[in-house]
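Asker: Pasting a structure here, questions to come.
The values are calculated or read from the model by the stated rules, or taken from the named source; none is laboratory data. Worth saying up front: this structure is predicted, and the values here are computed from it rather than measured. Note that we place each Cβ from the backbone using ideal geometry, even for glycine, and neighbour counts take in every protein chain shown. Heads up: the accessible areas ignore ligands, DNA and RNA and are worked out on the full protein's heavy atoms, side chains in. Shrake-Rupley method; radii C 1.70, N 1.55, O 1.52, S 1.80 Å.
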Amino acid sequence: MTPSEPPVADLTHPRLLRGRQGVEPTTSTELFFDLVFIFTITQVSHYLIEHPDWRGAARTALLLALVWFVWVYTTWVTNWLQPDQGPVRAMLIGVTLGSLLLSAAIPQAFAGTGLLFAVVYVSVQVGRTMFALWATQGSPWLVDGFQKSLPWIGATSVLVVVGGLVDTPAREVVWAAVIVLDVVGLSIGYPLPGRERSRPERWMVEGGHLAERCAAFVLIALGESILVTGSTLTSHVDLVTSGAFVVAFAGSVALWWVYFARSASAATEVIARAGTRTGALSRLAFNYLHPVMVAGIVVTSAGDERLLHAPGAAATTVDALFTLGGPALFLTGHAAYKAVLWRAVPSSRIAAVLVLLAAIPVGVALAAPVAACATAAVAVTVAVIIADRLRVRRAAP
């Protein structure tokens, strides 16, 4: 157990809980569950590609947030429960099926499949929480947390269904309210009348496992971006498009390098040793900051698709926002992630974000080619990587 974990007593189903011996490994069952989200991120990216306007971007953000809630809360449950045990594995397979149906409903979520999206979302969220409540019987700290979260999840589930029943733009408003309530509820510990709030220092979190799981989701999003560009390339292979593909691939590699070169493994160690801060730190770093990075990858993926279609065309506002704004969004999330974990100002990332944002109106005003905007984004991201390496070398002695 980590220092943040209170002792467990009188478990009704002891074999269903993880053993808590160091950083808990990611199991094959969890990896199978993750496979669905390759399709999910593809669906979200294509939604943004097909709706390249402010309303489409807002809807994409709503869909991504709801999908993220399904994945991250399931990941928290498997942080406590042993996925290779029969009942837990069956629950995860059920959530996997639900996530697949949820993903299939994404393209028309604000049209004909809105109610299907809502019903599947509610079934997964409520069903998984009730299963976790049953599986953790005898652990007063875990049971207390699930008992307090269940009414909040039930209330937001009602709103999700209401959103599925009404037409747009009311649907967007209702689902946005769901996201706000979910974030607020978790932030304040799911308060209930006459009961104490759920305190993060009592959540019995194995932070190293959560760090590795969220890193895996970032890898899924990056893999999806390569899949999108590869699919676009196959439809029109020539020298120019191949060159654009190289630029897009370099951008994906640069984002991967920023996240995985050092900070991913170091973050696992930091959170695994956070003691009583583990619960609160994990809530902020994983529930709130990682979806910002994933959103940045999704936007970058949409920019790569536009790059491959017309690399020499003059960049429109949408082109510049996608190709330059996507990496800026990713680096913003990663800067906050580093600041939270290491309590230091990530100056290279902040400078890179400012440069990328400033380049958006400049690129549009100069009618720069889309390829030039994408290349500039890669160059700025590579500059962050170089700055990181120089900082490490200076600190080495």
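Asker: Could you tell me how many degrees, from 0 to 90 and to the nearest 10, lie between the Cα long axis of helix 28-50 and the main elongation axis, the longest principal axis, of the Cα atoms of the chain?
Answerer: The helix 28-50 is inclined about 40 degrees to the chain.
Asker: Roughly how many percent of the accessible protein surface of the stretch 327-393 is carbon and sulfur, given a 1.4 Å probe and a whole-percent answer?
Answerer: Taking all protein chains in place, the stretch 327-393 shows 76 percent carbon and sulfur surface.
Asker: R0 = 56 Å: FRET efficiency of Arg262 with His236, Cβ-based, nearest 0.05?
Answerer: Working: r = 38 Å, r/R0 = 0.67.
Working from the Cβ atoms, E equals 0.90.
Asker: Name the residues of the stretch 332-367 whose amide N is less than 18 Å from a point 7 angstrom out from the Cα of Arg273 along the C-beta direction?
Answerer: Flagged as within label range: 338-344.
Asker: If you roll a 1.4 Å probe over the heavy atoms of the protein chains, what accessible area per residue do you get for the chain, in Å²?
Answerer: Solvent-accessible surface per residue comes out at 41 Å².
Asker: Let me ask you something else. Given 0.36 nm per residue, what is the gain on full extension from Ala344 to Ala314 after removing their alpha carbon distance, in nm?
Answerer: 6.9 nm
Asker: Measure nothing but the geometry: give the 0 to 90° angle between the long axis through the Cα atoms of 114-135 and the longest principal axis through the Cα atoms of the chain, rounded to 10°.
Answerer: 40
Asker: Sticking with this structure for a sec: Order of 365-374, 45-54 by packing, highest average Cβ count within 10 Å first?
Answerer: 365-374, 45-54
Asker: Ranked highest first by average number of other Cβ atoms within 10 Å, how do 103-115, 336-348 line up?
Answerer: 103-115, 336-348
Asker: So how much slack lies between Gln137 and Ala216, counting 0.36 nm per residue of separation and subtracting their Cα-Cα distance, in nm?
Answerer: That works out to 25.5 nm of additional length.
Asker: Same structure again: Distance between Cα centroids, the stretch 235-297 to the stretch 168-221: provide it in whole Å.
Answerer: 20
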